Each structure stands twice: as structure tokens, then as C-alpha cells.
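So the structure is just underneath, and the comments pick up after that.
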Amino acid sequence: MSNHKAFDSAYKLLNRSIIRYKDQPVGTVAALQSESLVAVNYAECFVRDFVPSAFVFLMQGKIEIVRNFLQTVLSLSAQQPVMKGHERAMGLMPASFKIVKDIDNKDRIVADFGERAIGRVAPVDSAMWWMILLRIYVVNTGDLALAQSPAFQQGMRQVLQLYLKESFETSPAMLVPDGSFMIDRRMGVAGHPLEIQSLFYGMLLAASELLIANDENESILATAKHRMQTLRSYVRIYYWLDVRRLNEIHRFGAEEFGPDAKNLFNIYPETIPDWIDGWLPNDVGYFIGNLGPGKMDFRLFSSGNLLAVLFGLATEEQATQILQLYDIHWDNLIGNMPLKLVYPALSGKEWSILTGSDPKNVAWSYHNGGNWPMLIWMFVGAAIRAGRDDLARKVMDNAVHRLHQDEWAEYYDGKQGDLIGRRANLNQTWSATSIIVANELIENPNSVALFESLNF
Ligand code: GLC
């Protein structure tokens with residue numbers, strides 16, 4: 001295979017990224033670049049970054065490290081520090097953790113629940129990824145006993161108790177602060193961001209499969225199942241945007257009070273951004289980025305959309321249309337290095353207000369319109385699920401070779417992702433693992449379990 005060297009290098013990076021606790025492998029660091037890491041915490045194991053690593057280990061039959069990771073993260077959730085006098089709920093899981101040596105040379109795990117993170121962001125997505133990964137692990141290994149053990153059952157209950165607690169929601173969508181998921185800086189993604197809704201749905205599905213139906217779980221299971229259904233209908237209807245819906249919004253009346261309102265969120269047609277004019281031909285659509293009172297974020301967020309396809313949150317028709325959108329707008333959304341995290345970028349005053357003038361997130365860079373190779377596995381999985389194997393193959397075309405050449409860069413800048421990101425790490429683990437996973441999904445019929453574990 002012509003990409004042989006690239007895959008070899010990707011596997012090597014993964015193996016070098018493994019971290020150990022008391023001689024046992026427990027995770028992988030986010031990036032390996034000892035001298036010049038952009039931020040010190042890239043040398044930690046991030047929960048979300050570990051997911052594609054876990055896929056590769058499961059493919060290789062190295063199940064121990066995935067099991068250890070799941071156990072480690074679970075045990076850490078009981079050790080949350082008090083943050084500025086504020087005690088946090090059980091059920092929150094850390095964004096990342098690292099192993100340090102104590103004075104007596106003993107290993108100690110230090111976790112970050114946001115109290116060390118830049119901007120002190122809350123890692124809302126961690127417990128969701130943890131539970132989704134637990135299901136992936138069970139489907140691939142058959143080790144249901146782990147999920148059914150008392151510690152894991154209790155852990156899942158605690159997560160659900162936190163995530164299903166009524167707060168200030170006025171819909172089944174989950175309300176979160178800015179930067180509480182993969183986009184972990186201020187980016188105008190507070191409220192009800194799509195990625196959180198997709199992960200929430202995936203987590204509820206995982207929980208409803210893994211929680212034993214007994215007296216202790218009965219009530220939380222019923223709540224989880226109900227929320228899953230209401231969330232699904234809500235996202236499918238209100239987050240969906242195609243030409244028909246756009247036309248409805250374009251002609252919306254506003255200031256409607258009471259139960260018969262059509263414009264539920266009081267969206268003014270004037271908020272429709274210019275770039276969307278002519279952008280959506282018939283038969284394509286996508287889920288918008290955020291929805292709330294007087295607010296529709298029309299930006300396309302790739303991970304939320306692709307995860308919605310993978311987890312079956314999107315209907316089959318919606319999945320087809322989402323992939324069709326990428327096909328039609330290939331140059332803008334996939335570009336020269338797959339693929340856009342968010343489209344389009346914020347600039348000018350909007351950038352200044354929504355990002356807090358964050359120089360790392362200037363237009364067409366990093367989270368704000370940068371291209372992220374780690375999304376390739378999600379794209380390939382979603383494309384295969386939607387019957388678009390042609391797009392799955394096409395996305396890999398130049399990416400593998402170039403990523404290898406660019407030493408597994410973290411992200412790319414520019415409207416079409418031409419440039420290695422200004423502050424991108426090299427040897428970014430999930431850029432390498434994403435390629436391995438995507439290739440496996442495309443090339444290897446034996447990866448059925450891997451793929452099925454993604455099909456909720
Ligand atoms: C950045 C990303 C975050 C990722 C971390 C480690 O902070 O925004 O999603 O987990 O880097 O790669």
C-alpha cells in the first residue's frame with residue numbers, strides 16, 4: 001500500500017503517546033512534542049482525544065488499556081477538587097488527567113475538572129464521551145460484566161443524575177456554558193450547542209442499553225429514555241435547516257405570544273446571515289449550531305452534525321442531505337486538508353464580541369473556521385452510515401500522505417485549510433489515530449464490530 005509509511009508512522013506515534021499508571025497503560029497524551037508544546041496540558045490525556053486512540057486499541061485487541069482508561073476516569077470523578085470554595089456535583093468527569101511522581105517516586109494521578117484549564121471551562125462532554133466509549137468497549141469486547149459491575153452502574157447513575165437534573169432549560173436540549181466541549185474556548189457557543197445535544201443523545205442511548213433494569217435504576221432509566229425521545233424529535237425538527245425551513249424563517253412573523261405561536265423562539269428574519277443566501281440548494285440540509293430565545297446560530301458545526309448521523313439522531317433522509325451538503329461544498333467544507341470544524345468563520349466585530357478578541361481564534365484559524373484532521377474518522381463513519389462510501393474514500397485521498405508529511409499537525413488554517421495552523425502542535429495523537437480508524441472503517445470488512453459499536 002502506498003500509504004504504508006504514513007500508517008507506520010501513525011501507529012508509532014500512538015505507541016509513543018501511551019501513559020502508564022503503576023506500570024499499567026491507562027491513556028494517551030494529546031500531543032508528543034516535548035520541547036515546544038503550545039500549552040503544557042497537551043502532555044495530558046484528554047478524555048475526548050482518547051476516543052479514537054481507544055478505537056485503534058480495540059481494533060488491535062489491546063483491550064486492557066481501554067478498560068484501564070474507563071476505570072481510571074470513573075475513579076477520578078469521585079475526586080473533584082473544590083473550586084474557589086464551590087463544590088461540584090458527582091458525575092462530572094475530568095477534561096484530562098496526567099500522572100506525576102510523588103517525592104517517594106510513587107505514581108499519582110492529577111485530574112483537571114476545568115480548574116486548571118485555560119478559561120476555567122467546564123468539561124461537560126467528558127462524561128458523555130466516557131459513557132459512549134463504555135458502550136463501544138462492551139460491543140467490541142463482549143465484556144458486559146464491566147458495565148454491569150456495581151461501581152460502573154453507580155457511576156452511570158451519578159452521571160445521569162447530574163445531566164438529567166432540571167435546571168433552567170425550556171426544552172429537552174441541554175443548556176451549557178461557553179467552551180464546554182471540543183471547542184473549549186469562548187466562541188459564542190454557550191446555550192444549546194449542537195455537539196452537546198448529539199453527545200447527550202449518544203450518552204442517553206448508551207445508558208439505556210447499559211444500565212441494568214432493576215429497582216435502583218428504574219426511575220433514572222425511565223427519565224433517560226423519555227428525554228432521549230423528546231430530545232430526538234426536538235433536534236430533528238427545530239435544529240434542521242433546509243431551503244423550505246429557511247423560507248419559513250424568512251417569512252416569520254415575530255412577537256407571537258402563547259401556545260399557538262409558529263415562531264417559537266421569536267427569531268427575527270433579519271438574523272439570517274448573508275452567506276446563506278444561495279448556499280442551500282434543494283435536497284441538502286444540516287443541523288444549525290445553536291438554538292435559543294431570539295437566537296439561531298446558522299454556522300455549520302461538523303462534529304455535531306457528523307455525530308448526529310453516526311448516533312442516528314438524524315433521520316436517514318437528514319443524514320443523506322448532510323453528506324450531500326459536504327459533497328456540494330467540498331472545497332469550502334473539506335478543502336485541502338479535511339475538514340472544517342465550523343463554517344463560516346467569525347470576523348471583525350462579531351469575532352471580537354463572540355470570542356472576546358481571542359487571537360488564537362481569528363478568522364479561518366483553530367476553532368474559528370480551521371480544518372481539523374481529527375474529524376476524519378467521524379466523517380468517514382457518517383459517510384459510510386449514509387451510504388456515501390465514495391465520499392469516505394475521497395476524503396482520505398490526499399490527507400494521509402500530507403498529514404504524515406506535516407508530522408500529524410493538529411489543525412490547519414485558511415479558507416481551504418492550506419496552511420499548517422499557526423499555533424498547531426505537531427505529533428497530535430488524534431490526528432494520527434483518526435486516520436487509522438477511518439482507514440479501518442473503509443478497508444477492513446473485519447472491522448464490523450468497530451463499526452457496529454458506532455451504530456446506536
Ligand atoms: C484543544 C482542543 C480540545 C482538545 C485539546 C487537546 O484544547 O480544543 O478539544 O481536547 O486541545 O487536544
*asked:* Starting from the 7 Å offset along Cα-to-Cβ, what nm value, one decimal, do you get for the label separation of Glu256 and Val82?
replied: 5.0
*What figure in square angstrom, to the nearest 10, would you give for the accessible area of Phe265 with a 1.4 Å probe?*
40
*Within straight-line cross-link reach of Lys84, aspartates and glutamates at Cα separation under 13 Å, skipping those fewer than 8 residues along the same chain*: Glu115
*asked:* Please report the antiparallel percentage of DSSP beta bridges with both residues in the chain, rounded to the nearest 5.
replied: 95
*May I ask you to derive the relative contact order of region 214-367, considering only C-alpha pairs under 8 Å and at least 6 residues apart, and to give it as an integer percent?*
18
*Using 0.36 nm per residue of separation minus the Cα-Cα distance, give me the extension gain between Glu350 and Gln154 in nm, one decimal.*
66.2 nm
*Kindly report the accessible area of the chain per residue (heavy atoms of protein chains, probe 1.4 Å, no ligands, DNA or RNA), in Å².*
42
_Under the 0.36 nm per residue contour assumption, what length would be gained going from the current alpha-carbon distance of Asn214 and His4 to full extension?_
70.6 nm
*Could you check the simple spin-label distance between Asn398 and Asp418, using points 7 Å along Cα→Cβ, in nm with one decimal?*
1.1
_Pairwise centroid distance, computed over Cα atoms, of region 222-253 with region 119-133, Å_ = 24
*Describe numerically, in nm with one decimal, the distance between label points set 7 Å from Cα along Cα→Cβ at Ala145 and at Lys295.*
4.8
*Add -39500 (n - 2.57) for each DSSP H run of 4 or more in the chain, then divide by its residues: what number comes out at 222 nm, to the nearest 500 deg cm²/dmol?*
-13500 deg cm²/dmol
*What is the calculated FRET efficiency for Asn105 to Asn444, with r their C-beta to C-beta distance and R₀ = 56 Å, to the nearest 0.05?*
0.85
*What lysines sit close enough to Lys394 to cross-link, taking a C-alpha to C-alpha distance under 27 Å and skipping anything fewer than 8 places away on the same chain?*
Lys5, Lys12, Lys340, Lys415
*Candidate lysines - alpha carbon under 26 Å from Lys262, same-chain residues fewer than 8 apart omitted*: Lys295
*asked:* Ignoring GluC sites (Glu not before Pro) that are buried or in helix or strand per DSSP, and keeping those with at most 14 other beta carbon atoms within 10 Å, what is the longest stretch of the chain between them?
replied: 257-456
*Percent relative contact order of the chain, based on C-alpha pairs within less than 8 angstrom and at least six residues apart?*
16
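The values are calculated or read from the model by the stated rules, or taken from the named source; none is laboratory data. Values in this document were obtained by computation on a predicted structure and should not be read as measured data. Don't worry about glycine lacking a Cβ; one is built from the backbone with ideal geometry, like all the others, and counts go over all protein chains shown. For accessibility, only protein heavy atoms count, side chains too; no ligands or nucleic acids. Shrake-Rupley method; radii C 1.70, N 1.55, O 1.52, S 1.80 Å.
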